[in-house]
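J.: Input: one structure, supplied below.
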Amino acid sequence: VSFWIKGSTANSGQTIFYFGNNDVVNNGYIELRQTNHNGLKRLRLRYGSNNNYIQLTTPSGSITPSSWQHILLTYDGGTTGSSSGSMSSYYSRFNIYIDGSLQTTSNTHSNFGWSNAIVGQNFRFGRFASGTYPKDMFYNQMAIWGSDQSSNISDIYNSGSTQDLSLLSSPPAHYYEIETSTTTVQDLIGTAHLVGYNFITSDLVNDAP
């Protein structure tokens, strides 16, 4: 998953991306969230349920509020689970890149992780299973691949310049631009179109990098 975000200045946590079950207590999900630590912003990736998960957090200050930054999350396709002896292996499956640079993450878990499937009831940018929508945050060029794109980070980041991702040698399966519509955001490659909620004209992007 990759996208450009202009991070929030709010001190409360802000869900950026969420995929998974409505029942987040008993079932699994993938969530990327902007969190606050001593006034500094960072990203937190959680894989699992509310009670059984692994969690990777970027350094404090890695997100600069109100500035465009490029995010790439990758998964290498390897096994995850809930064995206490395999935690380092589980963490290694995931990488977080900010502006083309691999982040050194702080890794934590609850009950040694998640060993079940992720059921895709929800696919959202900007909202968790419940709760409010993000405050003071903007998105652009959201893209999803069906394969590990770690080796293609330079091409995707493109030295900080936006581009037509459909022209990449390894194009995404789903690709979105926040352009003119506040009701529907078209999937430019696939058919998983997005529906806008609480989405108004001032949320449309006109200053992408």
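J.: Using a Förster distance of 35 Å, how high is the FRET efficiency between HIS193 and ASN38, based on the Cβ-Cβ distance and rounded to 0.05?
T.: Calculated value: 0.35.
J.: Right, something else. Excluding ASN36 itself, calculate the net charge of residues whose Cβ lies under 15 Å from the Cβ of ASN36, where each Lys or Arg counts +1 and each Asp or Glu counts -1.
T.: It works out to a net charge of +4.
J.: Along the three principal axes, how long is the stretch 1-104 when you take its alpha carbons, biggest first, rounded to the nearest angstrom?
T.: Computed over the stretch 1-104, the largest-to-smallest principal extents equal 39, 29, 24 Å.
J.: Between THR201 and THR79, what is the label-to-label distance in nm when each label sits 7 Å out along the Cα-to-Cβ direction?
T.: Distance between the two pseudo-spin positions: 5.6 nm.
J.: Could I ask something else about it? Nearest 0.05, what FRET efficiency do ALA10 and GLN186 give at R0 = 41 Å with Cβ-Cβ as r?
T.: My answer for the efficiency is 0.90.
J.: Output needed for the chain: three equivalent-ellipsoid semi-axes, defined as square roots of 5 times the C-alpha gyration tensor eigenvalues, in descending order, whole Å.
T.: They are 25, 19, 18 Å, listed largest first.
J.: Considering only protein heavy atoms and a 1.4 Å probe, what is the carbon-and-sulfur percentage of the accessible area of the chain?
T.: Summing carbon and sulfur atoms, their accessible area is 46 percent of the total for the chain.
J.: Provide the net charge surrounding PRO65, with neighbours chosen by a C-beta distance below 14 Å and charges set as Lys +1, Arg +1, Asp -1, Glu -1.
T.: Once all neighbours under 14 Å are counted, the net charge is +3.
J.: Oh, and also: Between ASN50 and SER101, how high is the FRET efficiency from 1/(1 + (r/R0)^6) when r is the Cβ-Cβ distance and R₀ = 25 Å? Nearest 0.05.
T.: For R0 = 25 Å, the calculated efficiency reads 0.25.
J.: Among rounded, prolate and oblate, which fits the stretch 70-138 when a ≥ b ≥ c are the square roots of the eigenvalues of its C-alpha gyration tensor, a/c under 1.5 means rounded, and a/b larger than b/c means prolate?
T.: The shape class here is oblate.
J.: May I pose another question? Quick one: dipole size for the chain, taken about the Cα centre, charges +1 on Lys/Arg Cβ and -1 on Asp/Glu Cβ, in debye to the nearest 20.
T.: 660
J.: Also, quick follow-up: When only DSSP loop residues count, what trypsin sites (Lys or Arg not before Pro) in the stretch 112-209 have their Cβ near at most 15 other Cβ atoms within 10 Å?
T.: LYS135
J.: A follow-up question, please. In what sequence, largest accessible area first, do VAL195, VAL25 appear using a 1.4 Å probe?
T.: Output order, biggest surface exposure first: VAL195, VAL25.
J.: How much accessible area per residue does the stretch 108-209 have, in Å², with a 1.4 Å probe?
T.: On a per-residue basis, 56 Å².
J.: How big, in percent, is the set of alpha carbon pairs in the stretch 43-99 lying more than 13 Å apart?
T.: 65
J.: Something else about it: Near SER92, within a Cβ-to-Cβ distance under 13 Å, what is the net charge of the other residues, with Lys and Arg +1 and Asp and Glu -1?
T.: Its environment carries a net charge of -1.
J.: Can I ask one more? Which of ILE96, GLN141, THR184 sits closest to the plus end of the dipole of the chain, meaning its Cα is farthest towards the positive end, when Lys and Arg get +1 and Asp and Glu get -1 on the C-beta?
T.: Highest projection toward the positive end goes to ILE96.
The values are calculated or read from the model by the stated rules, or taken from the named source; none is laboratory data. Computed from a prediction, not measured in an experiment: that's the story for all the values here. All Cβ positions, even for glycine, are placed from backbone atoms using ideal geometry, and neighbour counts span all protein chains on display. Please note that ligands, DNA and RNA were not included when accessible areas were found on the heavy atoms of the full protein model with its side chains. Shrake-Rupley method; radii C 1.70, N 1.55, O 1.52, S 1.80 Å.
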